[in-house]
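**Student:** One structure coming up, written as structure tokens, with questions to follow.
The values are calculated or read from the model by the stated rules, or taken from the named source; none is laboratory data. Nothing here was measured: the structure is a model prediction, and the numbers come from that model. In this analysis, Cβ positions are derived from the backbone assuming ideal geometry, glycine residues included, and neighbour counts consider all displayed protein chains.
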Amino acid sequence: MDAKTGFFYLFSVVLLFAAFRVVTARNPVHAVLYLMLAFSQASAVWLLLKAEFLAIVLVLVYLGAVMVLFLFVVMMLDLNVDHLRQNFWKHFPLAALVGVVIALEMAYVLMGGFRLQTSAADAMAATNQVSNTKALGLLLYSEYVYPVQVAAVILVVAMIAAIALTLRRRKDTRYVDVKDQIHVKASDRLKVVKVAPTQAPKPAAPAAEGESK
């Protein structure tokens with residue numbers, strides 16, 4: 001067994017362990033951390049398969065942005081794990097059935113192998129001509145240009161919809177118009193009131209003659 005095969009088995013074992021712990025971890029924060037470990041090991045496997053672009057995108061997008069966002073959200077929500085586990089055994093049969101179906105599909109694919117339309121010699125020749133990233137770019141913007149554009153339009157529509165839902169005005173919410181706040185004058189906010197100066201106290205009345213005697 002060469003070094004490449006050894007690294008492949010090492011990364012695969014750690015990946016399977018991390019994926020198992022994502023499902024079985026009791027703490028949501030620990031589950032997110034194990035998922036980040038699984039993504040890092042998957043990126044290493046892709047590097048061994050000479051898919052550098054996919055490995056770099058997985059690290060930058062998922063580990064650098066998405067998973068960090070998930071981690072902060074899970075930590076800020078302070079989820080009640082005991083409340084979430086109340087209906088675990090109620091939905092366990094359906095989840096087990098879905099898991100068995102997915103396992104059978106994966107076993108069928110692994111046992112049958114991947115049927116390629118082109119021969120191995122043609123695939124090696126096409127790979128050796130250009131780099132992995134350039135070959136992926138040529139496929140995306142030549143043969144799959146319409147699916148890429150459709151996916152981009154869907155993402156833009158989803159982003160606009162999220163912004164519209166966030167910025168909608170509620171009737172029970174008080175807000176200040178920025179334009180009126182900028183054009184406000186000092187005289188509108190501060191009013192000077194003139195107050196009469198302090199007057200000297202009046203002299204006390206003289207006491208009566210009977211009281212003095």
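Residues checked against (1) at pLDDT below 70; (2) among the polar types (S, T, N, Q):
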{"residue": "ALA125", "(1), (2)": "yes, no"}
{"residue": "THR133", "(1), (2)": "no, yes"}
{"residue": "GLU143", "(1), (2)": "no, no"}
{"residue": "ALA158", "(1), (2)": "no, no"}
{"residue": "ARG168", "(1), (2)": "yes, no"}
{"residue": "THR173", "(1), (2)": "yes, yes"}
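**Student:** Next question. Look through LEU35, LEU47 and report the one residue that is free of Cβ contacts under 8 Å to residues at least 12 places away in the same chain and assigned to a helix (DSSP H, G or I).
**Tutor:** Working: LEU35 fails: free of Cβ contacts under 8 Å to residues at least 12 places away in the same chain.
From the options LEU35, LEU47, the qualifying one is LEU47.
**Student:** Just to be sure I understand, how many residues within the stretch 83-105 are of a type in the set (A, V, I, L, M, F, W, C), exposed (fewer than 10 other Cβ atoms within 10 Å of the Cβ) and modelled with pLDDT under 80?
**Tutor:** Residues flagged as of a type in the set (A, V, I, L, M, F, W, C), exposed (fewer than 10 other Cβ atoms within 10 Å of the Cβ) and modelled with pLDDT under 80 within the stretch 83-105 amount to 2.
**Student:** Next question, about the same structure. Checking GLY210 against (1) of a type outside the set (D, E, K, R); (2) at pLDDT 75 or above; (3) in a helix (DSSP H, G or I), only one condition comes out false. Which one?
**Tutor:** Condition not satisfied by GLY210: (2).
**Student:** Let me ask something else. In the stretch 129-151, how many residues are small (Gly, Ala, Ser) and over 25 Å from LEU49 (Cα atoms)? If you could, list the steps in order and put the result at the bottom.
**Tutor:** Of the stretch 129-151, the ones small (Gly, Ala, Ser) are 131, 135, 137, 142, 151.
When the remaining residues are screened for being over 25 Å from LEU49 (Cα atoms), the result is 151.
Counting residues in the stretch 129-151 that are small (Gly, Ala, Ser) and over 25 Å from LEU49 (Cα atoms) gives 1.
**Student:** Consider PRO147 against the criteria (1) part of a loop (DSSP other than H, G, I, E, B); (2) of a type outside the set (A, V, I, L, M, F, W, C); (3) modelled with pLDDT of 80 or more: it satisfies all of them except one. Which criterion is unmet?
**Tutor:** Condition (1) is where PRO147 drops out.
**Student:** Suppose we keep only residues that are surrounded by fewer than 16 Cβ atoms within 10 Å (Cβ to Cβ) and within 27 Å of MET76 (Cα to Cα) within the stretch 26-56. Which one would you say is modelled with the highest pLDDT?
**Tutor:** The residue in question is HIS30.
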